[in-house]
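*Asks:* What follows is a single structure, and I will ask about it in a moment.
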Amino acid sequence: MNMKIIIIHKKIKGGKKLMRKSLKMLVLLVVMAVILTICGSAYAATVNNFKDWGVADVQESEGVHTIKLTKNLTDGDPKLSQDLIINEGEKVILDLNGFTLQGYTAGCETILVNAGAELTIVDNSAGKTGKIIPATGAGDVQLPVIRNNGTLKIEGGTFEQNDAYGTIINWGTANINGGTFVQEEDAKWSILDNKGSLTINNGDFDGAASFWMVRNEANLTVTGGDFDSTGNANMIGSIYEGESLPAENNVSTTIENGTFNSEGGIFVVYEGTDLAISGGEITSVQSNAVYNAGNTTITGGTIKSENSSAIQVVHKEGEETPTVTISGENVKITSAEGNDNIVINNPSDTTNVAVGTDENGNTVVGEAEIIVNDLEVTVGETVTLDVTVKINGTEVTPENMTIVSSDDEIVKVNDDNTITALAAGDAVLTISANGVEKQINVTVAEKAVDPGETTDPEDPTTPPEETTDPENEAVSGEDSEIVQTGDYIYIVVAILVLVVLGNVVYTIKKKHNK
């Protein structure tokens, strides 16, 4: 009997545990359902919704839907119950028509363009007062006003960032041909965040926050537009630096035209990223117009810093060597008085970055090397060193070249940078040019003595060296000419004696025959 009671008690206890587990699961499912319902409503608005709500004139022609707003859709409007989503395969033209479209769901995009969808935004109103703004009440971080995963084209309208993540985050293809983009002072992110392909042909971009106006993590081309920043942050660039740059990112910024004015820096080129400037007016008030730790090519445009150097090149230890190439007649670079147009920042002694000018007048910045060989010279010899300077493999003109000898009593450096060997021995020459240096060894040998010369022509007490005549024994140098002349006299006398003896013999023989 007691055993049955125990078994029944265990079953009841186990049942209570199961009920508690079931209740927890039910609560979790309810919460998930609520979340899914909210998110579902956030991304449920379609072209037909706008037509059904009576807030826009919706027309369709040849597969393209045109949504023309007829009233403001702002926070709290009962007609606005969902954010706008453009689905795959849809082509939509959104005409703001002078009205304001505001995000509905806090923390979500006002407009989402899915992959395979196309959206064009225009404002055909007379006053051009149409706006797109983010939702409110999402806390510290909100998603961007527009997220593009497909194809986005902007022809007009005003896009306010406020405290949102940004006005546009682009993962697809975007073209901006007009419009006004406003970044408030307390904005926490960029006006434009590009992770796809972004082309800016025109538009007015006003920034005030201490953050990038345009964050480019992929491919950005600017052919026009007006960019103004009153914040002290950099204007355009990648936020990734060195090893933090994702391996798949191929960050390239191309500036063909446009006006860029900033209190802070304009372009930031970190290791692994590229910048090409062929036009435009670029002015930084307080900082460098270009900060380069990657690769920059400049073939045109006006680049200016009012209170610093126009271009700063930085090489950090362990990173790839940065490069800059400036060419063409259409480049104008201006820096603050007393500042070089290009300043090289080598934080490590192991770096070897320099600036130079090639044979065509182009400015080259990058890894530099001085090419000069060790020398073997003779006492009394004066030579000109054959010095070559190369930057990024391109030969440049040696600039500010100096030569210093480790021992001036062996090798003397002259004012024209030639060297003169003064005494036998070894010396080290340190050659500096274009901000880098190279050391070479110089070996000086004694001068060889020519036969017939005194060992010291300035010392008359030094005995003359002996010479050897092929037909006579060695005689002293001073008597050599006299001895040779005497030899000739002896020969002549001998000949005369022979002639006389011959005549005598002939005369005697003749008389005897008679």
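*Asks:* What is the sum of charges, Lys and Arg at +1 and Asp and Glu at -1, for the other residues whose Cβ falls under 10 Å from the Cβ of Pro322?
*Replies:* Summing Lys/Arg as +1 and Asp/Glu as -1 gives -3.
*Asks:* Can you give the charge dipole size of the stretch 273-373 about its Cα centre, rounded to the nearest 20 debye, using +1 on the beta carbon of Lys and Arg and -1 on the beta carbon of Asp and Glu?
*Replies:* Here the stretch 273-373 has a charge dipole of around 280 debye.
*Asks:* Now for a different question. Classify the stretch 172-244 from the C-alpha gyration tensor, please: rounded if a/c falls under 1.5, else prolate or oblate depending on whether a/b exceeds b/c.
*Replies:* Oblate is the answer for the stretch 172-244, as a/c is 1.5 or above yet b/c matches or exceeds a/b.
*Asks:* Sticking with this one: Could you compute how fast the stretch 91-223 diffuses translationally, taking Rh as the Kirkwood radius over C-alpha pairs and applying Stokes-Einstein at 10 °C with viscosity 1.306 mPa s? Give it in µm² per second.
*Replies:* The Stokes-Einstein estimate is 111 µm²/s.
*Asks:* Distance from a point 7 Å along Cα→Cβ of Thr254 to each backbone N in the stretch 151-183: keep the residues under 16 Å and list them by number.
*Replies:* The answer is 173-176.
*Asks:* I need the phi-derived Karplus couplings for the stretch 211-226: 6.51 cos²θ - 1.76 cosθ + 1.60, θ = phi - 60°, integer Hz, Gly and Pro marked x.
*Replies:* Per-residue couplings from phi come out as 7, 3, 6, 10, 9, 10, 10, 8, 10, 10, 10, 10, 10, x, x, 10 Hz.
*Asks:* Using the heavy atoms of the protein chains and a 1.4 angstrom probe, tell me the accessible area per residue for the stretch 126-258 in square angstrom.
*Replies:* 37 Å²
The values are calculated or read from the model by the stated rules, or taken from the named source; none is laboratory data. The shown structure was predicted, so the numbers you read here are calculated from the model rather than taken from an experiment. Heads up, the Cβs are rebuilt from the backbone with ideal geometry, glycines too, and the neighbour counts pull from every protein chain shown. In case anyone asks, the SASA skips ligands and DNA or RNA and just uses the protein heavy atoms, side chains included. Shrake-Rupley method; radii C 1.70, N 1.55, O 1.52, S 1.80 Å.
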